Structures are given as C-alpha cells and as structure tokens.
Amino acid sequence: MSQSKNFDAAGYVEADKAHVWHHLLQHQAIAAKGPMIVTEANGLRIKDINGREYLDATSGGVWCVNVGYGRERIANAVCEQLKKMPYYAGTAGNIPHIEYAAKLIGYMPGLSRVYLSNSGSEANEKAFKMIRSLAHIKGNPEKKKIIFRNRDYHGTTIAALSATGQPERKEWFGPFVPGFVEFPHACCYRCAFNKTYPGCNIECARALETVIKEEGPETVGGVIVEPITAGGGVIPPVPEYYPILQEICRKYDVLMIMDEVVCGVGRTGKMFGYQNYEVKPDIVTMAKGVASAYMPISVTVTTEEVFRSFLHDPADPMSYFRDISTFGGCAGACTAAIENLNIIEEEKLLENVTNMGQYLIEGLRDLLDLPNVGDVRGRGLFCGVEMVVDKQSRQPAPEGKVAQIAGEMAADGVLVGRTNRSLPGLNNTINLAPAYVATKADIDIIVSTLRKAITKVFA
C-alpha cells in the first residue's frame, strides 16, 4: 500500500461530524472520537486518515469487495468504457451489458435472462414484481403472496423489509406491504422444532408446505430464501433442505427465488450459493460481489419460462414487465462486472475460496475449546462464530459483549462484522468474510486476534 498523503485529519473529522449521515451508526456514540475515515486500500488492507492500517475481514464492511482492493484492471477498464459511452437507459442495449449477460448465464445452467438494477434490495423488488405481474398474466390474480424465512434478510426498502425475517431491522418502519408471510428458520444449532439432525425429518423445510396450505396454495406465488442466511447468523442449511423446498414449490406451482446478494459470485467457493445444493431456482438475485463494489450493479436472473410468460399477448398493453431501473445496465457497471468475473476465472479464486475457506473453518473450530464459543458454521470464505453465555444452556451472549469483541479486534488491527440489531436476543454472531485473495497468513491473523478478543471480553 502506498504511503498516505498528508491529510488535515482533524478538519475532515469535523466536516464529517457536521455534514455526513452514516449508515447503521448511532451518531451520539461517535461524537467524541469521531468516525472512521478510510483513505486507501490494497488487497485485504485498508488505511484510515490517521495512517493506521487494518486487515479487513469484512470485504468492505458488508461483504462486497470480493476480489480485494486496488484492482487497477477494473478501474482502467471502467475508465475506458466511460470515455466511449457511459450510459443509455436500459430500453436500449449496450455492448458491455450484452457481453456481461452472456458471460453470466454461462455460469447458471437452466437460467437465461438477465435484468439489471443497482442494489440487492432493488434486485429482490424486481423478483417480487415479476411474481405479482405473473399472477395477473396467468389469470390467477390472487396468487401473489411471497413466503420468506425467519432470520433471512432481503433488503432495506419497505417491500424488501416486508420479506425480511429480522424483527429489529423492521422496527418502526411499518406498516409493511401485505402479502408477505414468514416460515421457520433452518438453524440446526437453535432448531425451531427442538430436534436434532439427522433424526429431525428436516421439519424446518417441510414447514414451508404447512404455511402454503394455511395461506391457500392459490394465493402463494413465490418463496424467497438466502442460500446461506447471512446477516441473520451465517446459517448454511443441511444438504437435504433445498431439494425438499424445491419439491414443495413445484407441487404448489410456487416460484423459488434464491437471494444471492451475499453468497453470489464466488463467496462460498461455488459461483453461486445454491450450487452447493441440488436445486434449480426459478429466479436468482445478486448484488454485492457482482462487480466487487467497483461499480454499483445488481442482477435478477430468470428462467426462460418466466421471461416468456410476459410475451403471451403483445396486444395487451399491460402484458410486459413494466419496470425500469434508471442506472440498471450502465455500461461502466457492466464493464466492472465483466472484469470481476475475468479476475475470478484467471486467478482461480473459486479454488482459493474453497481452500482458504476450509482453512478458516478449521481454525475457527479450534476456538470451540473456549467456554463462550457455542457454534462455528459457514461455507467458503463466509463464516460465523456464535457467542454464548455458556455452552450447556446455549444462552446467547449479550449483543454488547459481541460488540466488545469486534471493538477489541479493531483495536488490534482486524475488522470483523457482527449480527447487529437484527434478532431480539440473538445478535450474538461474529461474521467473517475476507476477500477471495486471502492467504493462510491472513487467516492466521484473523483467528488468533479473534481468540485474543474473546478471551479478554469474557475474562
């Protein structure tokens, strides 16, 4: 990393405190010390305005900068495209848009159509709108309910929050959109049915059918799930889970949406999280890692069957997908997404994610010897460590204690995430998602720093 230029650090801090409204922060809490201000980054390392360096185990705070910081190749490609042509609305095509769509579909057998927008929330909104439009097109206007899973998160808009199973993220933002219905989570460590895998009959999956029947199959159009629950505690379901969900969906003519906003584009070691399971979704959404945050872009991918359903009657002025995303399909963003995929391919980063992910989970499992580490789970470079008061009762550790762990690690130069104001009484998971270029040395630092922080906080 290059040496930072001389900043008027105090001036920038005061200007930030005077004018900037930060995400997810209680500003009273940072009034005295001021916010963290990042000035430069390379690989997994970032540097703040005071010249302090950190190992970023969060890929940009919210799991986005997946191929690492400092990718001049992406920046240069975007710059050249912007000089040629930065933008035209998605009503027309552009070369990077076309090339990206074709390249992406090559990773997604069974899916064929690519609809672009700008954020994960927006990508999921498009999926909801598709399902509700299809209900009318197919002559079943009541078949528009969306079923979502407890502990899953699908975005920050009101409709996306309506489909989110995290009560604290939703508090104060209602009333919510009608037609969104919850079913139980899939966390074995805290089984909603008080059973133990594998002798549980995978009731967490079969609960979907119960909810569909209760609501009336004629009213349910879709189900949305994260392949691995992310901010709700990093929860990979058991192998049998998604095939059972898919069978239920097909039985009742319900479309399955896989929300790959976090897991998509390599985070789990597969290009998509659902590809770790024997399942073929009807709609897939993605955002964060699509361009590794070098440009804003999100994607809603569908089967050809879903797409062709909107072609049934050209004479009907309502029969097409009447939607637009102002910056969706921006030539610069698509260029960044292409280069991101090229880097993943050429540097064999899926292989590194698999190998380093196994090394990470093994290192984290060594922490199970600590009395306050209840569970370790994850896949690829996406892992969670659930903190408890004690192992026997599995009583969740207080959110404040988990915040202290993250704070101690930051003080030691390592940035991690945590479940934050999401689940009442269950904001007790440390989240780890380093960039795909992580090395064993990086992971050793992360694990050893985490051990030190846990030991200190619970001493």
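The values are calculated or read from the model by the stated rules, or taken from the named source; none is laboratory data. The structure presented is a predicted model; accordingly, all values stated were derived computationally and were not measured. Heads up, the Cβs are rebuilt from the backbone with ideal geometry, glycines too, and the neighbour counts pull from every protein chain shown.
Among the residues of segment 382-395, is any assigned by TED's automatic domain parsing to the domain that holds Ile445, crowded, with 17+ Cβ neighbours inside 10 Å, assigned to a helix (DSSP H, G or I) and more than 24 Å from the chain's Cα centre (by Cα)?
So far as segment 382-395 goes, no, none of its residues is assigned by TED's automatic domain parsing to the domain that holds Ile445, crowded, with 17+ Cβ neighbours inside 10 Å, assigned to a helix (DSSP H, G or I) and more than 24 Å from the chain's Cα centre (by Cα).
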Would you pick out the residues in segment 81-108 that are under 21 Å from Glu346 (Cα atoms), of a type outside the set (A, V, I, L, M, F, W, C) and surrounded by fewer than 14 Cβ atoms within 10 Å (Cβ to Cβ)? Gly106
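Would you point out which residue out of Ser59, Ser133, Ser119 is of a type in the set (Ser, Thr, Tyr) and not assigned by TED's automatic domain parsing to the domain that holds Asn340? Before you say what the answer is, go through the steps one by one.
Working: Ser133 fails: not assigned by TED's automatic domain parsing to the domain that holds Asn340; Ser119 fails: not assigned by TED's automatic domain parsing to the domain that holds Asn340.
Criteria check complete, one pass: Ser59.
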Residue check, Tyr274 crowded, with 24+ Cβ neighbours inside 10 Å and under 15 Å from the mean Cα position of the chain (by Cα): yes
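Only one of Ile454, Ile430, Ile405, Ile443 is crowded, with 16+ Cβ neighbours inside 10 Å, of a type in the set (Val, Ile, Thr), touching a helix residue (DSSP H, G or I) at 6+ places or on another chain (Cβ under 7 Å) and closer than 16 Å to Ile235 by Cβ; which? Outline the logic, then answer.
Values: Ile454 fails: closer than 16 Å to Ile235 by Cβ; Ile405 fails: closer than 16 Å to Ile235 by Cβ; Ile443 fails: closer than 16 Å to Ile235 by Cβ.
So the residue among Ile454, Ile430, Ile405, Ile443 that is crowded, with 16+ Cβ neighbours inside 10 Å, of a type in the set (Val, Ile, Thr), touching a helix residue (DSSP H, G or I) at 6+ places or on another chain (Cβ under 7 Å) and closer than 16 Å to Ile235 by Cβ is Ile430.
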Restricting attention to segment 28-56, the residues that are in contact (Cβ under 8 Å) with a residue 40 or more places away in the chain and outside any loop (DSSP other than H, G, I, E, B) number exactly 10
List pairs: first residue in segment 306-323 and within 17 Å of Leu255 (Cβ to Cβ) and in contact (Cβ under 8 Å) with a residue 12 or more places away in the chain, second residue in a loop (DSSP other than H, G, I, E, B) and not β-branched (Val, Ile, Thr) anywhere in the structure, Cβ distance under 8 angstrom, at least six positions apart or on different chains. Val306/Asp282; Phe307/Ser112; Ser309/Lys138; Phe310/Ser319; Phe310/Tyr320; Phe310/Phe321; His312/Ser319
Within segment 310-353, residues being assigned to a helix (DSSP H, G or I) and either touching a Pro at 6+ places or on another chain (Cβ under 7 Å) or crowded, with 17+ Cβ neighbours inside 10 Å (or both) number 18
Return the residues of segment 57-77 that are in contact with a Ser or Thr (Cβ under 7 Å, 6 or more places away or on another chain) and either without any contact (Cβ under 8 Å) to a residue 60 or more places away in the chain or crowded, with 24+ Cβ neighbours inside 10 Å (or both); say none if nothing qualifies. Val65, Asn66, Val67
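Please enumerate the residues belonging to segment 372-381 that are assigned to a loop (DSSP other than H, G, I, E, B) and surrounded by fewer than 23 Cβ atoms within 10 Å (Cβ to Cβ).
So the first thing to find is which residues in segment 372-381 are assigned to a loop (DSSP other than H, G, I, E, B), and the list is 372, 379-381.
Asn372, Arg379, listed by residue number.
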All but one of (1) surrounded by fewer than 23 Cβ atoms within 10 Å (Cβ to Cβ); (2) of a type in the set (Asp, Glu); (3) within 27 Å of Pro236 (Cα to Cα) hold for Glu142; which doesn't? (3)
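Matching residues to (1) closer than 17 Å to Glu339 by Cα; (2) over 21 Å from the mean Cα position of the chain (by Cα):
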| position | (1), (2) |
| --- | --- |
| Asp8 | no, yes |
| Glu14 | no, yes |
| Asp48 | no, yes |
| Asn76 | yes, yes |
| Gln81 | yes, yes |
| Pro86 | yes, yes |
| Gly106 | yes, yes |
| Leu116 | yes, no |
State whether one or more residues within segment 298-309 are assigned to a helix (DSSP H, G or I) and of a type in the set (S, T, N, Q). yes
